[in-house]
Amino acid sequence: MKPAVLLLGVPAIAFASHPLITEDTGVLGKGVSQLELHGERIRDNGARDTESALTLSHSIADKADFQVEVPLSDGDALLSLKWRFLERGGFSFVFKPDLYEKGNLGASLVAAYEAGRVELLAHAGYLRNHASGERSALRHASVAARFGVAEKAKLVLDLSRDTNPDPASRASVRERVLGVELAPSESVDLGLGIKEGLGEPADDRALLAGIKIRW
């Protein structure tokens, strides 16, 4: 397997909301909690691997969520604060600082524009990485689109680019995701998608899946 990539604002074992890589600007609303199980089945150069995590989120204000993520495979535990600090027309913006178990610090800025059944997302992130032998400054950039195709179903398309943590390589890690989000009820969301690497050093392909339950 190629070296794991530290996605900025999002641990390598998890994404913002499966199957997205790009963070969105959605928050839970005051007093709401959410449990998410998400994972991926990776295939790279004929080898296979599985990564998964649990994320618990709780709204501490109308526009702010506190999040704790615990890996079920390799990776760091993560504490995050997701703050939706501005809404205007169809636009919304989120600031999300992150503290990783091993002391890495990250931050993300996310913008969204929603018009009818279409939502466009843009995500920029930075991670101060203290891992030995890796680059100390890692950057993330991604864009995504959600298309409502039915009352409870959305198609998603995501494109991302990350700094390669390997200091010996100048190649960025580029990936794309095509997937679907389903909402069978008001309290349950499902996500399923395919992630493909766009050249070296990204993994060849991964199957992404996730379930979110709110109360």
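The values are calculated or read from the model by the stated rules, or taken from the named source; none is laboratory data. All of these numbers come straight from a predicted model, not from anything done at the bench. With ideal geometry, Cβ positions are generated from the backbone for all residues, glycine too; neighbour counts draw on all protein chains shown.
Residues in the range 57-70: is at least one part of a strand (DSSP E or B) and among the hydroxyl-bearing types (Ser, Thr, Tyr)? Talk me through it step by step, then tell me what you get.
Of all residues in the range 57-70, those part of a strand (DSSP E or B) come to 57-61, 64-70.
Okay, now just the ones that are also among the hydroxyl-bearing types (Ser, Thr, Tyr), so 57, 59.
Scanning the range 57-70, I find at least one residue that is part of a strand (DSSP E or B) and among the hydroxyl-bearing types (Ser, Thr, Tyr), so the answer is yes.
Just so you know, in the range 58-107 the residues that are of a type in the set (Ser, Thr, Tyr) and either within 20 Å of residue 36 (Cα to Cα) or at pLDDT below 95 (or both) include one that is farthest from the chain's Cα centre (by Cα), and it is 59. With respect to being under 14 Å from residue 26 (Cβ atoms) and among the acidic types (Asp, Glu), residue 119 fits the description. Of 169, 108, 132, all but one fail to be hydroxyl-bearing (Ser, Thr, Tyr) and touching a strand residue (DSSP E or B) at 6+ places or on another chain (Cβ under 7 Å); the exception is 108.
Taking the criterion of being in a strand (DSSP E or B), exposed (fewer than 15 other Cβ atoms within 10 Å of the Cβ) and of a type in the set (D, E, K, R), the residues of the range 71-94 that qualify are 87, 88. Applying the criterion of being without any contact (Cβ under 8 Å) to a residue 24 or more places away in the chain and loosely packed, with under 14 Cβ neighbours inside 10 Å to the residues of the range 20-59, the residue that is farthest from residue 124 (Cα to Cα) is 46.
Which of (1) within 20 Å of residue 27 (Cβ to Cβ); (2) more than 15 Å from the chain's Cα centre (by Cα) is the odd one out, the single condition residue 201 does not satisfy? Of the numbered conditions (1) within 20 Å of residue 27 (Cβ to Cβ); (2) more than 15 Å from the chain's Cα centre (by Cα), the odd one out for residue 201 is (1).
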